[in-house]
Amino acid sequence: MADSGNIPGGGADVAVGVQIHHSSSRLLPDFLQTVNLKYVKLGYHYLISNLFTLFLVPFIIITLVQASQTSSHDIHHLWLHLKYNLVFVILFFAASVFALTMFIMTRPRPVYLIDYSCYRPPDELKAPADQFMRHSRLTGDFDESALEFQRKILERSGLGEETYVPEAMHSIPPRPSMAAAREEAENVMYGALDSLFRNTGVKAKDIGILVVNCSLFNPTPSLSAMIVNKYKLRGNVRSFNLGGMGCSAGVIAVDLAKDMLLVHRNTYAVVVSTENITQNWYFGNKKAMLIPNCLFRVGGSAVLLSNKTGDRRRAKYKLVHVVRTHCGADDKAFQCVYQEQDDVGKTGVSLSKDLMAIAGGALKTNITTLGPLVLPISEQLLFFATLLVKKSFNPRVKPYIPDFKLAFDHFCIHAGGRAVIDELEKNLQLLPVHVEASRMALHRFGNTSSSSIWYELAYTEAKGRMHKGHRVWQIAFGSGFKCNSAVWQALRNVKVSSNGPWEDCIDKYPVKVVS
C-alpha cells in the first residue's frame, strides 16, 4: 500500500487537497494525495466504456430470477397460449428468419490482410551521406549554395547511412532515362511481389483485383499492366493505376481495394505501393525543390488482401477503418507540394514553407472524423464537455486533446521527414516508443513515399510487439493536400514473415538519431 505522497508515473501527478480522517488514532493512507491522473483516467475509461454492460447486468439478473421462479404450470400455460396462436408463431419465426437472412446478405464482409512484403534493395545501391554529396558535386549541376543546403538537410533529416538510391543515380553523370526508370520500377515491384507470393503460397492467377500507386512515374503501358504481363494475371483481373496522389496514396489504394472486395466476393486483391526516383531527381538550384533529393529513397511494398471467410485463420490483420481527408479546395493546400519547372526549365517537386501548417490542418480534420470511430466513449465525453465549456462559459479553457493511446497500440506515421514525426509525437502526446518504428524506418530506408507505413509495420512485427487484438493506426500525408488513415486489428500474435526488410538488422535498432 502506498505511503502518503506522490507516486511517480509516466505523466503528471495530481494531488487532490482532501484530508481523510478516522475516528480512531490510526489514520488511513491519504489515497487521494497519491492518485496519478493516468490511473483516474484509465478507470474512468473502463467505467464509461462498459456502461452498457453495467446497465445490462441488472436486467439479466432480474430475468434469471424471474425464470427461476417460473413453475411447470406457467410453462404449460404459455405452451397452450402459443398452441392456439399458431399463425402468430409462424409469422414471428418467418420474420425472424427473413431479418437474419437480410442481415447476413447485406452486412459488409470483413477485409483481411493475409501478408505483405517490403522491397529490400541490394547493398550496392546504398548511398551514405558523404557519397551522396560527392556525387552531387561531381554532376556539376549544383552551385555551392545548393550543395551546402543539401548537406545541412541531410544532417538534420534523420536518415542513416544505409538508405538506397536507384542505380541510375550512382552513375556519373546520372542517367535518368525512361529505360532506367522502368528498370527501377521493375526491380522494386517484382521484388516485393515475388516475396509476397512466396510467403503466402497464393498463385498469381488467383488475383482478381490489382491496385498500383506511384505518384511521379506513369509510363505507357502502365505499371499495373507491367505486373499483369510479368505474372500473366488472368484476363478478367480488375486493375487500377493511381498516379499523382503523393505519399498518402498507399492508404487510398487500400481503400479502393477494400471497396472492390466488398463488391466482388471470394477473391484476392493485391496493392502495390512505390515511388520512382530515377526520372524525378532535381538537377537545379532552387532550394524548395532540393529537399526531395535529400529525403526520398528507393522502396516499395506489396499487400495481399482477401474477403474469403476461410482466410481469417491465416490472416495477420483485419481492416477496421479507412478515413480520407482532402484539402485540395484550398489553394495553399493544393500548391504546397507542387511539381513544376524552375526558372531555367528544370523539373522538380517544390515544397511550400506552409507545408507543416497545412499538414497540421489536414491532420486535425482527419482525426476529428476518425476520433468518434475509434476513441472510447470516455474520451469522447471529455472532449465534448470541454468543448461545451469553452463555447458556452469560458473561451480561455483549452480544448481537451483525446488520448489516442487508449484507441491504438501501435502508430505507423508516414516517415516523410524528422519534422513530421516530431510534430505528430508532440501534438498527439505520444511516447517515444510510439514513434520508434517511424523514426527507425526513416533512418534505415529514408522516405520511401507511400510504402513507408509498411516498413514501419514490419519493424513493429520484427520487434515482436504485435499481439492479438492490438490496433494499428497508419497515417500518411500526400500532395493535393491529403491526410489519410487506415486502422488495422491484429487477429493473432503476429510473427515477422521471412525475407522481411529488417531481417538482418533488427537487433541494431533502435539507434539514437542525431537531432
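The table that follows gives values for the structure above.
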{"item": "Nearest-20 debye value, region 333-402 charge dipole, Cβ charges on Lys, Arg, Asp, Glu", "result": "500 debye"}
{"item": "Gln69 paired with Arg265, simple spin-label distance in nm, labels 7 Å along Cα-to-beta-carbon", "result": "4.8 nm"}
{"item": "Options Asn199, Asn499, Phe411, ranked by Cα towards positive dipole end of the chain, top entry (Cβ charges)", "result": "Asn199"}
{"item": "Accessible area per residue, Å², the chain with all protein chains present, probe 1.4 Å", "result": "52 Å²"}
{"item": "Antiparallel bridges, percent of DSSP beta bridges restricted to region 112-508 (to nearest 5)", "result": "70 percent"}
{"item": "Unit charges on C-beta of K, R, D, E only; dipole of region 112-508, Debye", "result": "1540 debye"}
{"item": "Fraction of beta bridges assigned by DSSP in region 395-495 that are antiparallel (%, nearest 5)", "result": "65 percent"}
{"item": "Cα-based helix-to-principal-axis angle, 129-139 vs the chain, degrees rounded to 10", "result": "40 degrees"}
{"item": "Positive minus negative residues near Val303 (Lys, Arg vs Asp, Glu; Cβ under 14 Å)", "result": "-2"}
{"item": "Given Lys258/Lys318; Lys463/Lys512; Lys203/Lys308; Lys353/Lys405, the pairs whose alpha carbons are separated by over 19 Å", "result": "Lys353/Lys405"}
{"item": "Relative contact order (%) - region 331-432, alpha-carbon pairs under 8 angstrom, separation at least six", "result": "16 percent"}
{"item": "Relative contact order (%) - the chain, alpha-carbon pairs under 8 angstrom, separation at least six", "result": "18 percent"}
{"item": "Cα lying deepest toward the dipole's positive end in the chain, options Asn427, Gly208, Ile62, charges on Cβ", "result": "Ile62"}
{"item": "Over region 370-476, relative contact order from alpha-carbon pairs under 8 Å, at least 6 apart, %", "result": "29 percent"}
{"item": "Accessible carbon and sulfur surface of the chain relative to its total accessible area, %, 1.4 Å", "result": "60 percent"}
{"item": "Long pairs among Lys391/Lys426; Lys230/Lys287; Lys426/Lys495, criterion Cα-Cα beyond 28 Å", "result": "Lys230/Lys287; Lys426/Lys495"}
{"item": "Residues Met356 and Arg312, FRET efficiency given R0 of 30 Å [Cβ-Cβ distance, rounded to 0.05]", "result": "0.15"}
{"item": "Trypsin sites (Lys or Arg not before Pro) lying in DSSP loop within region 219-263, provided at most 13 other Cβ fall within 10 Å", "result": "Lys232, Arg234"}
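The values are calculated or read from the model by the stated rules, or taken from the named source; none is laboratory data. Small disclaimer: the values here were computed from a predicted structure and weren't measured. No Cβ is skipped: glycine too gets one built from the backbone with ideal geometry, and neighbour counts run over all protein chains shown. Keep in mind that these areas ignore ligands, DNA and RNA; they rest on the heavy atoms of the full protein, side chains included. Shrake-Rupley method; radii C 1.70, N 1.55, O 1.52, S 1.80 Å.
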